[in-house]
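Worksheet: one structure, shown below.
The values are calculated or read from the model by the stated rules, or taken from the named source; none is laboratory data. Predicted model, so just to flag it, every value in this text is computed and none were measured. With ideal geometry, Cβ positions are generated from the backbone for all residues, glycine too; neighbour counts draw on all protein chains shown.
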Amino acid sequence: MFTGIIEATGKLSAVQQRGTDITVTIDSQSLDFSDVKLGDSIASNGVCLTVTKLCKHSFDADVSSETLAHTLFGQYKTGQRINLEKAMLPTTRMGGHLVSGHVDGVSSVTKIEASGRAWHIWLTLPSALAHYIAAKGSVTIDGVSLTVNELSSDAFRLTIVPHTAEQTTISQLKVGSQVHLEVDLIARYLERLLSKDNGSANSGVSMALLAQRGFL
């Protein structure tokens, strides 16, 4: 699990084809690797990758055909800048929100507007994910935890403050750029609990109960 608070950025330094899969090498001079071990997870542009080889300032990870089919990793070229976050600890401050590192879809930037020192960024809203995203709710873009500030039927707006732009790859986005999108984890599980085919005869969860407990 992750929080969506980026610890450092790195760059894709090598890609090795392994049949239908690939092995990637990601370098970072600014990520602290001192507490990273083989088998640990590192979110890389929002994708949870398992460390298979570790060096002083880099790590290798395998990217399966399943991950390639649902993310942009198959399109990345060497030199691609990558947002990095190590898996959270029980003592980690929850500065963002609960992030699984499992990408739900890909979104595209449609508009970028300056707003004082900040930037408004509009992105496409995939129809299959629209019901998971709410105004003032949380969303993850390339591993960055952000707040949805405006919502329409087919797009949503994020506001990027200078610190976030400086510390992540978001500063490189332009109209047409594609990003990984992960919806709020709690929204996915709520839908499952409320669905008629959730595999349980009686989950005990209803819209009335959620309203009573202050979730609605």
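Here's the yes/no breakdown for (1) of a type outside the set (Ser, Thr, Tyr); (2) assigned to a loop (DSSP other than H, G, I, E, B); (3) crowded, with 18+ Cβ neighbours inside 10 Å:
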| position | (1), (2), (3) |
| --- | --- |
| Thr23 | no, no, no |
| Leu31 | yes, yes, yes |
| Val36 | yes, yes, no |
| Ala43 | yes, no, yes |
| Cys48 | yes, no, yes |
| Lys56 | yes, yes, no |
| Ala69 | yes, no, no |
| Asn83 | yes, no, yes |
| Gly95 | yes, yes, no |
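Yes or no: Gly176 in a loop (DSSP other than H, G, I, E, B) and either within 22 Å of Thr71 (Cβ to Cβ) or in contact with a Leu (Cβ under 7 Å, 6 or more places away or on another chain) (or both)?
yes
Identify the residue in segment 9-42 that is touching a Lys or Arg at 6+ places or on another chain (Cβ under 8 Å) and of a type in the set (Gly, Ala, Ser) and, among all such residues, is nearest to Glu85 (Cα to Cα).
Checking each candidate, the answer is Ser41.
Can you confirm whether segment 123-143 contains a residue that is part of a strand (DSSP E or B), assigned by TED's automatic domain parsing to the domain that holds Gly176, in contact (Cβ under 8 Å) with a residue 12 or more places away in the chain and surrounded by fewer than 19 Cβ atoms within 10 Å (Cβ to Cβ)?
Checked against the condition, which is being part of a strand (DSSP E or B), assigned by TED's automatic domain parsing to the domain that holds Gly176, in contact (Cβ under 8 Å) with a residue 12 or more places away in the chain and surrounded by fewer than 19 Cβ atoms within 10 Å (Cβ to Cβ), segment 123-143 yields at least one hit.
I need a count of the residues in segment 40-61 that are more than 15 Å from the chain's Cα centre (by Cα) and either of a type outside the set (Val, Ile, Thr) or on the phi > 0 side of the Ramachandran plot (or both).
Selection size over segment 40-61: 10.
Among (1) at pLDDT 95 or above; (2) under 30 Å from Ser30 (Cβ atoms); (3) under 19 Å from the mean Cα position of the chain (by Cα), there is one condition Thr124 misses while meeting the rest; what is its number?
Single failed check for Thr124: (2).
Kindly indicate whether any position in segment 62-75 is aromatic (Phe, Trp, Tyr), more than 16 Å from the chain's Cα centre (by Cα) and at pLDDT 95 or above.
no
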